[in-house]
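The values are calculated or read from the model by the stated rules, or taken from the named source; none is laboratory data. Owing to the predicted nature of the structure, the values given are computational and were not obtained by experimental measurement. Here the Cβ positions follow ideal geometry from the backbone for every residue, glycine too, while neighbour counts run over all protein chains shown. Please note that ligands, DNA and RNA were not included when accessible areas were found on the heavy atoms of the full protein model with its side chains. Shrake-Rupley method; radii C 1.70, N 1.55, O 1.52, S 1.80 Å.
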Amino acid sequence: MEDRIALKKHLSTKHLLGIKNITTDDINLIFTTADNFKEVLNRPIKKVPSLRDITVANLFFENSTRTRISFELAEKRLSADVVNFSASTSALKKGETLVDTVNNILAMKVDMVVMRHPNPGACVYLSKHIDVNIINAGDGAHEHPTQALLDAYSIREKLGDVKGKKVVIVGDILHSRVALSNIFCLQKLGAEVMVCGPTTLMPRHIGSLGVNVGHNLKEALEWCDVANMLRIQLERQEIKYFPSLREYTMMFGLNKEILDSLSKKITIMHPGPINRGVEITSDVADSDQSIILNQVENGVAIRMAILYLLAGKIEKSA
Ligand code: CP
């Protein structure tokens, strides 16, 4: 395994700040590397020494369950040393800036930073001020690159290929970093993408990204091979974008009746966290058409691949 991956491939970039600026070759390299790590994760001993002597700091300035645990597991499976930072218990509350906080952590000899931040562009900003590799674990409504990679990887696993597939992303496109990163990733891999939701939750210029735009859930589901159902991000909404959650659910919620009425069996995805009964009912989320837990499982292999490939760019003196 170690030998196979050590065959010497690196990403074209020092950081993973978003999907927009990485290449299709980068994505395919991450996928083939993740294939190898997925095999490791199915062994009785799920650990390799690839990142021994590398220290990774997970800096989470915003809440997370899946991404944070997934990164920490990925780092530990690669034998990295791991430190976790949570904004709610930090000196940020005392007025310290982001760059000062991170530079103080780096002074303790950290090699890589994984960061989630509520502000769009926070990772790009940080990358201009610090010297270590940065992985964006979600920055505001901007990008969530590792989520998009694990989503596309899960489609590839389920359907054999991403190229030529039709994927609809349903819901709160306006506030969704998952939607933007998914659009970039799926298009780079040759999929056709539609976004579907209320007009008020569509960015005005979304059509300029080359996606189809729909407002009828049933039509969108008839069109697609895969439906990625997004959560309504109430925490990012300062005004009301629809009359009530009940009305949203009536128009854009996916239930078993709609799913079973379609002329073909589509694949159902959700990045989590799920609001059961709002954007998706429990019987759909837990159905055999759902790959939601496969997405979570694949997240660890994808993040191991990214950490491994970026670590190849770290120069350590003897
Ligand atoms: N999908 C995702 O980013 O989930 P968390 O917010 O729990 O990390």
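Condition test on Leu293, is it modelled with pLDDT of 95 or more, open to solvent by 40 Å² or more (accessible area, probe 1.4 Å) and aliphatic (A, V, I, L, M)? Break it down stepwise before answering.
Numbers: modelled with pLDDT of 95 or more: yes; open to solvent by 40 Å² or more (accessible area, probe 1.4 Å): yes; aliphatic (A, V, I, L, M): yes.
Taking the combined requirement at face value, the residue satisfies it.
How many of the residues in the range 244-276 are among the acidic types (Asp, Glu) and modelled with pLDDT of 95 or more?
Within the range 244-276, the first condition is being among the acidic types (Asp, Glu), and the residues that meet it are 247, 257, 260.
The next check asks that each one be modelled with pLDDT of 95 or more; those that pass are 257, 260.
Residues in the range 244-276 being among the acidic types (Asp, Glu) and modelled with pLDDT of 95 or more: 2 in total.
Would a scan of the range 87-109 turn up a residue that is within 20 Å of the chain's Cα centre (by Cα) and open to solvent by less than 30 Å² (accessible area, probe 1.4 Å)?
Taking the range 87-109 and keeping what is within 20 Å of the chain's Cα centre (by Cα), we get none.
No; the residues of the range 87-109 include none that is within 20 Å of the chain's Cα centre (by Cα) and open to solvent by less than 30 Å² (accessible area, probe 1.4 Å).
Going through the range 266-304 one residue at a time, which ones are closer than 22 Å to Glu222 by Cβ, part of a loop (DSSP other than H, G, I, E, B) and within 12 Å of the ligand (Cβ to nearest atom)?
If the condition is that a residue be closer than 22 Å to Glu222 by Cβ, part of a loop (DSSP other than H, G, I, E, B) and within 12 Å of the ligand (Cβ to nearest atom), then His270 is the only one that fits.
Of the residues Ile5, Ile22, Ile30, Ile54, only one is modelled with pLDDT under 95 and surrounded by 14 or more Cβ atoms within 10 Å (Cβ to Cβ); which? First the steps, then the outcome.
Details: Ile22 fails: modelled with pLDDT under 95; Ile30 fails: modelled with pLDDT under 95; Ile54 fails: modelled with pLDDT under 95.
Criteria check complete, one pass: Ile5.
Filtering the range 119-175 down to residues that are without any contact (Cβ under 8 Å) to a residue 40 or more places away in the chain and acidic (Asp, Glu), which residue is most open to solvent (accessible area, probe 1.4 Å)?
Asp131
Need a quick list: helices (runs of 4 or more DSSP H) entirely within the range 62-148 having at least 1 residues that are away from the ligand (no atom under 12 Å from the Cβ) and among the β-branched types (Val, Ile, Thr). Full working, then the answer.
On the way: elements: 66-77, 98-106, 122-127.
Hits in the range 62-148: 98-106, 122-127.
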